[in-house]
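Colleague: Encoded as structure tokens, here's the structure I'll be asking about.
Just so it is clear, none of the values below were taken in a lab; they were calculated from the coordinates. Given the structure is predicted, the values throughout are model-derived calculations rather than measurements. Please note: Cβ atoms are built from the backbone with ideal geometry, for glycine as well, and neighbour counts cover all protein chains shown.
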Amino acid sequence: MKVPAILLVFAATAGAACAPPALVRDGRSETTILISPAATADEKLAAKELQDYVRKISGADVPVMITSRADTPTVVRLGVFGSDAVKGWQGSTPAADGFAIDTRGNTVWIVGGDPRGALYGVYDFLDRELGVRWFMPGDLGEDVPSKDTILLPDVHRVKAPAFSAVAGFIWAGGPGAAVWEKRIRARVGSPFAFFGHNWASIIPPSAQNKRDHPEWFALNNGVRTSQLCSAHPDVVRITVEKAREFFKKNPTAPLFSISPNDGLGFCEDDRCQAVDRLYGVTDGSLTDRFVHYANQVLEELGQTHPDKQVGILAYINHTRPPIAAKPHPNYVTLICHTPWEFCHVHSIGDPSCEINRRFLGYVEGWTKAARHVGVYDYYGHFWVFAPWPIVHDIRRDIPLLHRMGIDRFESETSQHWANQGLNYYVGAKLSWDPELDVDALLADYHQRFYGRAAVPMRRYWERWEQAMIETAAF
């Protein structure tokens, strides 16, 4: 199997044969970047990013060469690679989105488990070996060291994401945010691994639909709302049809969202209440009802798409795990740690917080009930635009959720980079390495981002966090 990769060959020139190998020496390149002629867009971007940042650091122009011939020399004492881009590298295949960085003699290999893994390997190399930082989108958030000579680092590292899927949902993020997310490796897994409210796309609540088929829509207090009657057989049938249409257009997508619309107004008709009674529900939770609906969809969908999944958010009045309904093996849920229902002053595992003890119980219950369980958290507060520092939670929550077997993680954020951006940065870093030294990460952040203001700015943020804890605000 061909493993997309980017091979970087760093060779010392003859004039510096006795000196330690270098990427750049005295502002002059001693490096060639080799990529396959069949390189993907991500691999080409990886080569360009490495080329650009070596230039920013040292002023040196590093050539990028495309070759598929194993015996093609590019610079004196350069290594060669085959058309599969990994010939000659001795390691095992990295995981999806993962990578290996391996120095051997005068050659460094950066090998990705897939194209994005190769790109992420370059960003990791730029960060850890060359000292580049991306604290937030744009020039303001970028810190690039300056040096005339970049010696060849000795590195042997294999990295894989801690979760099968990671995403940061940034409201009105814009192109700058998308670039930043790549550089800090804030997305892992399929872009379709995460999902949101989707009933309005499955059956739009148009005036014509409500007139022609009122029975498809939820009956709540005698009024047909925009939610669906999930127990109606036509709704199940149409959901399956829409899922099949989606997978026809997106054959590599693992999942289709069948999650209800945002808000309330759910169905109270006889069909839906009968489903609630079937599972012994008496507390008003709709979780069992929606698991029942998803199971029906998956049973029929499985006739044509046995490997595909459907997703429903565990949200508002369907957050708790099911009482008696057994989720289908292809059922996926994201448990929403909403700021209006749960606590962000304390960590999820804080035994002193009654509110989060309830959320932790939900996580424990869901991981026992379903195979695919994720958490949807809020690292940017959509109605609090002031500083909202919750790093004290994030540094504990992500390692805890990883230990509990959560397989995917998404955080909702907003464009409040100055006031809440540190949450996003720390969360992205921990989602790759839950055991990361957060104290060291914060020290680096404050020193590199604020420079001479590092000490007062660190005190500023620590005081904000302490005030938030003491007042139980937000």
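Colleague: So what is the relative contact order of the chain, in percent, for Cα pairs below 8 Å that sit 6 or more residues apart?
Modeller: 12 percent
Colleague: Moving on to the next point. How long are the semi-axes of the ellipsoid equivalent to the stretch 280-369, from square roots of 5 times the Cα gyration tensor eigenvalues, in whole Å, largest first?
Modeller: Semi-axes from the Cα gyration tensor: 28, 13, 10 Å.
Colleague: While we're here: Which value at 222 nm does the chain reach when only helices count, each DSSP H run of 4 or more adding -39,500 (n - 2.57), with the total divided by all residues and rounded to the nearest 500 deg cm²/dmol?
Modeller: -11500 deg cm²/dmol
Colleague: Sticking with this structure for a sec: Tabulate in residue order the Karplus-calculated ³J(HN,Hα) for the stretch 438-455, using 6.51 cos²θ - 1.76 cosθ + 1.60 with θ = phi - 60°, rounded to whole Hz; enter x for Gly and Pro.
Modeller: Once θ is set to phi - 60°, the couplings for the stretch 438-455 become 5, 4, 5, 4, 5, 4, 5, 4, 5, 5, 7, 7, 9, x, 5, 8, 4, 5 Hz.
Colleague: Need the list of lysines near Lys242 for cross-linking: C-alpha distance under 25 angstrom, and skip anything on the same chain fewer than eight residues off.
Modeller: The reachable lysines, counting only those whose Cα sits under 25 Å from Lys242, are Lys210, Lys308, Lys326.
Colleague: Once you charge only the Cβ atoms, +1 for Lys and Arg and -1 for Asp and Glu, what is the size of the charge dipole of the chain about its Cα centre, to the nearest 20 debye?
Modeller: About 740 debye.
Colleague: Starting from one equal scatterer on each C-alpha and no solvent at all, send me the Debye-based log10 I(q)/I(0) for the chain at q = 0.08, 0.11, 0.12, 0.13 Å⁻¹, two decimals.
Modeller: -0.57, -0.96, -1.08, -1.19
Colleague: What residue among Ala60, His344, Pro321 has its Cα farthest toward the positive end of the dipole of the chain, where the charges are +1 on Lys, Arg and -1 on Asp, Glu, each on the Cβ?
Modeller: About the Cα centre, the residue reaching furthest to the positive side is Ala60.
Colleague: Using the Kirkwood radius over C-alpha pairs as Rh, can you work out the diffusion coefficient of the stretch 199-471 via Stokes-Einstein at 37 °C, viscosity 0.692 mPa s, in µm² per second?
Modeller: 160 µm²/s
Colleague: Restricting the count to DSSP beta bridges whose residues both fall in the chain, what percent are antiparallel, rounded to a multiple of 5?
Modeller: In the chain, approximately 50 percent of DSSP beta bridges are antiparallel ones.
Colleague: Report the normalised scattering of the stretch 317-443 as log10 I(q)/I(0) at q = 0.14, 0.15, 0.19 Å⁻¹, calculated by the Debye formula with identical scatterers on the alpha carbons.
Modeller: Taking Cα atoms of the stretch 317-443 as identical point scatterers yields -0.61, -0.70, -1.08.
Colleague: Roughly what % of Cα-Cα distances in the stretch 113-226 sit above 16 Å, to the whole percent?
Modeller: Of all Cα-Cα pairs in the stretch 113-226, 73 percent lie more than 16 Å apart.
Colleague: What number does the stretch 236-390 give for Rg over Rh if you use C-alpha atoms and the Kirkwood radius?
Modeller: That ratio equals 1.00.
Colleague: In nm, what is the difference between 0.36 nm times the number of residues separating Ser201 and Asp143 and their Cα-Cα distance?
Modeller: 16.6 nm
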